[in-house]
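Right, one structure below, let's go through it.
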Amino acid sequence: MNDQILNEISVLLKSHYHVINIETIDDDRAEAIAKEISDLIQIPFYIWSVHRGLFNYTERDVHPDTEDVFNLLSHISGSTSEGIYLLRGFKPFLDDIKVNTHLISLVDRLENDRSALFFTGKDAQLEDPLRSHVASIKLPLPSEDDFVVLLKQIYTDLKRKERIEINISKPDLDKLIMNLRGLTLFEAKKILTMIMVEDGTLTKDDIQVVIDSKKKLIEKEGLLEYYTAEESFGDIAALDGLKDWLKKRQIFVEKPDQAKKAGLIFPKGILLLGVPGTGKSLCAKAVSKEWGLPLLKMDPAKLYSKYIGETESKFNKAMEISEKMSPLILWIDEIEKAFASGGDADGGLSQRVIGSFLSWMQERKGDVFVIATANDVEKLPPEFLRKGRFDEIFFVDLPDYEARKSILDIHMKRREMALNLLNLERLAELTEGFSGAELEQVLIGALYSSFSNKTEITQEDIEEEIRSTYPLSQTFEHKIQTLREWAKTRTVSAN
Ligand SMILES: Nc1ncnc2c1ncn2[C@@H]1O[C@H](COP(=O)(O)OP(=O)(O)O)[C@@H](O)[C@H]1O
Ligand SMILES: [Mg+2]
């Protein structure tokens with residue numbers, strides 16, 4: 001698994017690099033790699049942390065007084081033998097100019113031997129002159145093969161201590177492994193151990209446990225929710241243009257290799273603009289079900305933090321998680337809320353987050369299909385709507401007569417209403433200007449009335465409910481008209 005990385009590092013060492021930054025947050029994996037390097041070139045392996053100081057991995061002896069960074073560097077400098085050193089939690093010390101100076105002179109001292117220092121950290125921004133002495137190497141996330149190796153290892157270890165049975169078919173095991181995607185080895189190890197130790201077997205049921213554990217890990221970050229969608233295209237009336245567009249792109253999940261061979265690239269995403277209650281959110285959920293991809297929902301309202309700097313790091317972290325877990329659907333509901341400026345106190349924050357988001361849309365790695373929805377274009381920054389950010393911008397208007405009929409039909413069937421006793425055409429005529437959400441509410445309201453009368457729902461119950469409803473389109477007629485005008489030249493109709 002690590003062959004390629006080991007190769008790259010060997011080349012760096014041969015090119016006389018003595019300080020290597022492994023770009024990862026997975027310290028355990030970095031440790032495993034540094035250890036393999038030391039085995040490969042057969043020199044001792046040391047681990048340092050500020051709590052423990054420096055210790056020899058094989059002999060397990062600690063070198064006294066090396067908790068202090070300067071003592072550590074002097075110790076390595078004065079050592080007469082070669083070594084591979086993994087410095088855990090070292091990156092923050094690099095902000096200290098004196099540490100930098102020490103490190104540079106240590107590098108000079110190591111010139112003619114094979115010793116090397118490893119530290120971990122993402123996006124290490126090193127200043128000159130240290131920068132030219134440090135090689136950075138990106139650690140890709142563990143692959144499914146890595147997880148299989150890990151699983152075997154855990155199984156072998158556990159079996160020595162207790163009885164563990166494997167009772168899972170190959171396809172189910174593959175599914176379980178696939179669901180580990182996006183986790184670090186450390187996280188995966190905890191989950192895999194837990195599912196086996198818990199009841200002494202590995203079974204099909206553990207797939208759900210893996211999914212749930214992963215859900216918890218993702219939601220811990222606060223911005224993303226792992227959403228389980230039940231809705232499919234069959235639950236959406238009308239919006240045929242949008243549904244067709246999406247169906248055509250399903251090839252990327254059904255036959256990804258074929259699509260890539262044909263030179264097609266994974267779709268970036270769509271923006272669904274429109275009147276509230278017209279099925280935009282519903283569509284996002286249905287795509288996940290139809291494509292069989294996980295759905296991560298981002299809540300823009302949670303983005304702004306009162307702690308400076310936290311907003312951006314939260315946002316970046318969320319984007320990173322979604323890349324790591326790809327392929328998936330990233331659903332940003334009511335995206336305009338993410339960019340609502342926090343007023344003057346905002347300090348250009350929303351502008352920076354917009355910048356981050358747009359550049360992420362362009363540069364991201366991994367197959368992440370973004371579905372953003374918005375009700376209010378006026379709050380969306382214009383750069384957002386420029387061509388090329390999203391594959392397409394769809395406008396979702398209020399349902400017309402036919403669409404209203406099929407929305408009513410879908411929701412009546414779902415609630416097992418006696419359709420033969422109801423005049424659907426008349427209901428559709430009476431509800432001009434109603435959104436899908438409002439049509440659904442009308443039916444729910446009528447159901448309540450009929451329950452209280454202990455009777456089967458009647459045409460009159462529903463018509464009464466319609467008469468007492470004031471659709472949003474009445475109150476916001478002007479606003480909706482403006483939105484329509486705006487959308488005419490800039491968007492594609494979802495219908
Ligand atoms: N085209 C539609 N077909 C079926 N149901 C719809 C449709 N549009 C809206 N609805 C109903 O209204 C509910 C709310 O719609 P939603 O997708 O949340 O609207 P939006 O996100 O556009 O504001 C949906 O869950 C669904 O029950
Ligand atoms: Mg919505």
**Q.** Condition met for Leu380 (crowded, with 17+ Cβ neighbours inside 10 Å and outside the structural domain of Phe252 (by TED's automatic domain parsing))
**A.** no
Q | Residue check, Asp108 outside any helix (DSSP H, G or I), of a type in the set (Asp, Glu) and outside the structural domain of Leu183 (by TED's automatic domain parsing) | A | no
Q.
Within the stretch 382-416, take every residue that is touching a residue at least 40 places away in the same chain (Cβ under 8 Å) and of a type in the set (Gly, Ala, Ser) and give me the one that is farthest from ligand 2 (Cβ to nearest atom).
A. Ser406
Q.
Would you confirm, using the coordinates I've provided, whether Val253 is outside any strand (DSSP E or B) and either over 18 Å from Phe369 (Cα atoms) or within 16 Å of ligand 2 (Cβ to nearest atom) (or both)?
A. no
Q: Tell me which residues, restricted to the stretch 471-494, are in contact with a Leu (Cβ under 7 Å, 6 or more places away or on another chain) and over 16 Å from Phe434 (Cβ atoms).
A: Ala487, Arg490, Thr491, Ala494
**Q.** Single residue of the stretch 360-376 satisfying the filter (assigned to a helix (DSSP H, G or I) and modelled with pLDDT of 85 or more) that is farthest from Ala494 (Cα to Cα)
**A.** Trp360
Q: Kindly indicate whether Ser406 is within 22 Å of the chain's Cα centre (by Cα) and either within 15 Å of ligand 1 (Cβ to nearest atom) or assigned to a helix (DSSP H, G or I) (or both).
A: no
Q: Can you tell me which residue among Leu408, Leu483, Leu424 is buried (at least 18 other Cβ atoms within 10 Å of the Cβ) and farther than 27 Å from Glu378 by Cβ?
A: Leu408
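If I filter the stretch 428-450 for residues that are among the β-branched types (Val, Ile, Thr) and more than 21 Å from Ala237 (Cα to Cα), do I get at least one hit?
no
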(Q) Tell me yes or no: at least one residue of the stretch 230-245 is under 29 Å from Glu323 (Cα atoms) and more than 16 Å from ligand 1 (Cβ to nearest atom). (A) no
Q. Could you say which residue among Glu221, Glu254 is in contact (Cβ under 8 Å) with a residue 60 or more places away in the chain and either away from ligand 1 (no atom under 15 Å from the Cβ) or assigned by TED's automatic domain parsing to the domain that holds Thr431 (or both)?
A. Glu221
Q. Which one of the conditions (1) surrounded by fewer than 20 Cβ atoms within 10 Å (Cβ to Cβ); (2) within 16 Å of ligand 2 (Cβ to nearest atom); (3) not charged (D, E, K, R) does Ala284 fail to meet, given that it meets all the rest?
A. (1)
Q. Of all residues in the stretch 457-484, which are touching a residue at least 60 places away in the same chain (Cβ under 8 Å) and either in contact with an Asp or Glu (Cβ under 6 Å, 6 or more places away or on another chain) or charged (D, E, K, R) (or both)?
A. Arg484
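The values are calculated or read from the model by the stated rules, or taken from the named source; none is laboratory data. None of the values given here were measured: they were computed from a predicted structure. Here Cβ is always computed from backbone atoms with ideal geometry, including for glycine, and neighbour counts include all displayed protein chains.
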